[in-house]
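The values are calculated or read from the model by the stated rules, or taken from the named source; none is laboratory data. Here the structure is a predicted model, which is why all the values come from computation and not from measurement. Neighbour counts run over all protein chains shown; Cβ positions are idealised from the backbone, glycine included. We work out accessible area using only protein heavy atoms, side chains counted, and drop any ligands, DNA or RNA first. Shrake-Rupley method; radii C 1.70, N 1.55, O 1.52, S 1.80 Å.
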Amino acid sequence: MPVKDRLTAVEPAKAKLSLAPAPERRLLNRELSLIEFFRQVLEEAHDRRNPLLERLRFLTIFTSIVDEFFMVRVSGLKEEVEQGWFEPSLDGMTAVEQLTEIRSRLYPMAVEQMRCLNEEILPELATQGIAVATYNSLTKQQRDEADGYFARDVYPVLTPLGVDPAHPFPYISGLSLNLGIMVKASESDDEEGSFVRLKVPQVLPGLVQIGDETKYTFLSEVIKANLGSLFPGMTVQHAHTFRVTRDADIDIREDEADDLLRALQQELRKRRFGSPVRLEVSADMPDEMVGYLMGSLGVEPDDVYALDGPLNILDLSQLCELEKIGPKLQALRHDDSRGGRRIKVDLEPY
């Protein structure tokens, strides 16, 4: 067969099917990628190959970076929703979808963080001679010592704020630990009582050392045990801890700022009074009080995180600096054999 005939007899090549995914499926969501990094930090706290105090440090790091995530990233997504912006991002997810996915991933991680602290880290620290005990588990002598510390150093800096028709719900500063207290007059027949907010003072250490031992109890528990001295002639019905995270994103447009330093100072002032983006409550808080806080703060049910454990995990950071001797308690140094990992996350928009 002539060459020309053979060439014309060849079937034309068929076009290959394109297997490339859609553009939005080729991109990873920025917020969800950060959450997966948070998961890795939490896994380091579970890793028994790490020294005990280092595992505790990873739990405090997890709390710190998640707080910043809510203050910057989650607050930005909430602003998009409030302003009616429903266009998907480049990865194909809308702000509402991102907020839903963020909660579905972060809430179980927060629950796991508390479980790790309560069931692994604190019991193992106790076996090594470092105990973080509840107030009720202390001996009478130890409770007397804690009560003396309360009367001497804590009581003078406490300011209970009651809520009634003449006193509106007080401002709750971001990341502060607070007690929601229900009180009533001792001779009153009112079963509902009145709500009182008491801020745990940040000028004092969050852990109270008992004697000269490496035994501690949370300051919030010492305050709860001594609430009767704050409300003479009244009955304290119950008290529960809660914590609010606020929008702390800073938005400065340099082309519109005549004085950049002044604009930054103004934004930093506004950062303190940002809108609430998360409400953390103790797991034993009654639904009525949770609902009252939600309505007073203006948060939605998906913004509430009920946790069975101390909401002030960052107060445990002081334990990481103990000079306790023992290989299991030695925190990793920045020049150790594992490469001196340092964790820093920049959550500012880019």
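Scanning segment 145-187 for residues that are surrounded by 11 or more Cβ atoms within 10 Å (Cβ to Cβ) and of a type in the set (Asp, Glu) returns GLU145, ASP147, ASP153.
When segment 189-201 is examined, which residues are found to be at pLDDT below 95 and open to solvent by 40 Å² or more (accessible area, probe 1.4 Å)?
Of everything in segment 189-201, those that are at pLDDT below 95 and open to solvent by 40 Å² or more (accessible area, probe 1.4 Å) turn out to be ASP189, ASP190, GLU191, GLU192, SER194.
Sub-6 Å Cβ pairs linking a first residue in segment 48-70 that is over 20 Å from ARG30 (Cα atoms) and assigned to a helix (DSSP H, G or I) to a second residue that is open to solvent by 20 Å² or more (accessible area, probe 1.4 Å) and small (Gly, Ala, Ser), at least 6 apart or interchain, are THR60/SER317, ordered by first then second residue. Each residue in segment 62-94 was checked for being under 25 Å from SER317 (Cα atoms) and open to solvent by 40 Å² or more (accessible area, probe 1.4 Å), and 2 of them qualify. Exactly one residue out of ASP284, ASP302, ASP258 is open to solvent by 60 Å² or more (accessible area, probe 1.4 Å), modelled with pLDDT of 90 or more and part of a loop (DSSP other than H, G, I, E, B): that is ASP284. Listed by first and then second residue, the pairs linking a residue in segment 14-38 that is within 26 Å of PHE69 (Cα to Cα) and at pLDDT 55 or above to a residue that is open to solvent by less than 90 Å² (accessible area, probe 1.4 Å) and among the basic types (Lys, Arg), with Cβ atoms under 9 Å apart and 6 or more places separating them unless they lie on different chains, are ARG30/ARG73; GLU31/ARG73; LEU32/ARG105; LEU34/ARG73; ILE35/ARG105; GLU36/ARG105; PHE38/ARG105.
Of the strands (runs of 3 or more DSSP E) lying entirely inside segment 182-254, the ones with 2 or more residues being more than 22 Å from the chain's Cα centre (by Cα) and either within 25 Å of TYR171 (Cα to Cα) or of a type in the set (Gly, Ala, Ser) (or both) are found at 194-199, 234-246.
Quick check on this structure: which one of ARG341, ARG278, ARG243 is at pLDDT 95 or above, in contact with a helix residue (DSSP H, G or I) (Cβ under 9 Å, 6 or more places away or on another chain) and within 28 Å of MET114 (Cα to Cα)?
Details: ARG341 fails: at pLDDT 95 or above; ARG243 fails: in contact with a helix residue (DSSP H, G or I) (Cβ under 9 Å, 6 or more places away or on another chain).
Just one listed residue meets the conditions, ARG278.
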